[in-house]
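Engineer: Submitted below is the structure of interest, expressed as structure tokens.
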Amino acid sequence: MEVLSILLFISFLIGVNWYITKNYANDRGKLIKASLIVILVATPLIYIITMITLGVYSGDGIAGAVGGLGFGFITFINGLIYFIKGFFSQKKV
């Protein structure tokens, strides 16, 4: 189950990164807004869903919390990278 959750998480990150770079990479404001959506919306959802799923299947609440915290932290860092990239990019003319 843990391998499947890792594969689903990696495919989620690939999909989010592909969508953001395809649609919002050239506009500073849209890139910052997309990164804030990833940070403020996706990170808590990933944390809660992973925590519940791993906690139920492993039978241990600590394992679910650590897994959810790890996946949430990776998602947060991903959004933070896009935020920094958007903050330091040139304005669209």
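Engineer: If you rank S11, S5, S89 by fewest surrounding Cβ atoms within 10 Å, what's the result?
Structural biologist: S11, S89, S5
Engineer: Further question on the same structure: For each of Y19, Y57, Y82, count neighbouring Cβ atoms within 10 Å of the residue's Cβ, then give the residues from fewest to most.
Structural biologist: Values: Y19 11, Y57 14, Y82 23.
Ranked by crowding around the Cβ, least crowded first: Y19, Y57, Y82.
Engineer: Given contacts defined as C-alpha pairs under 8 Å and at least six residues apart, what's the relative contact order of the stretch 20-87, whole-number percent?
Structural biologist: Computed over the stretch 20-87, the figure is 40 percent.
Engineer: Pulled fully out, how much extra length does the chain show between F88 and D27, if you take 0.36 nm times their separation in residues and subtract their Cα-Cα distance? Mind dumping the intermediate values first?
Structural biologist: Values: separation 61, 0.36 × 61 = 21.96 nm, distance 1.16 nm.
Between F88 and D27, full extension yields an extra 20.8 nm.
Engineer: In addition: Quick one: check the C-alpha center-to-center distance for the stretch 61-88 versus the stretch 1-17, whole angstrom.
Structural biologist: Value for the Cα centre distance between the two parts: 13 Å.
Engineer: Also, I was wondering about something else. May I ask you to compute the full-extension gain from V3 to I52, defined as 0.36 nm times their residue separation minus their alpha-carbon distance, rounded to one decimal in nm?
Structural biologist: 16.1 nm is the gain from fully extending V3 to I52.
Engineer: Still on this model: Given the rule -39500 (n - 2.57) for each run of at least 4 DSSP H residues, summed and divided by the residues of the chain, what is its mean residue ellipticity at 222 nm, to the nearest 500 deg cm²/dmol?
Structural biologist: Calculated mean residue ellipticity at 222 nm is -28000 deg cm²/dmol.
Engineer: While we're here: For the chain, what is the largest minus smallest coordinate of the Cα atoms on each principal axis, given in angstrom and ordered from greatest to least?
Structural biologist: Projected onto its principal axes, the Cα set of the chain covers 54, 18, 14 Å.
Read-outs throughout are calculated quantities, based only on the coordinates presented, and are distinct from any laboratory measurement. Since this is a predicted model, take the numbers as computed values, not measurements. Because the Cβ atoms are built from the backbone with ideal geometry, glycine has one as well, and the counts that use them run over all protein chains shown.
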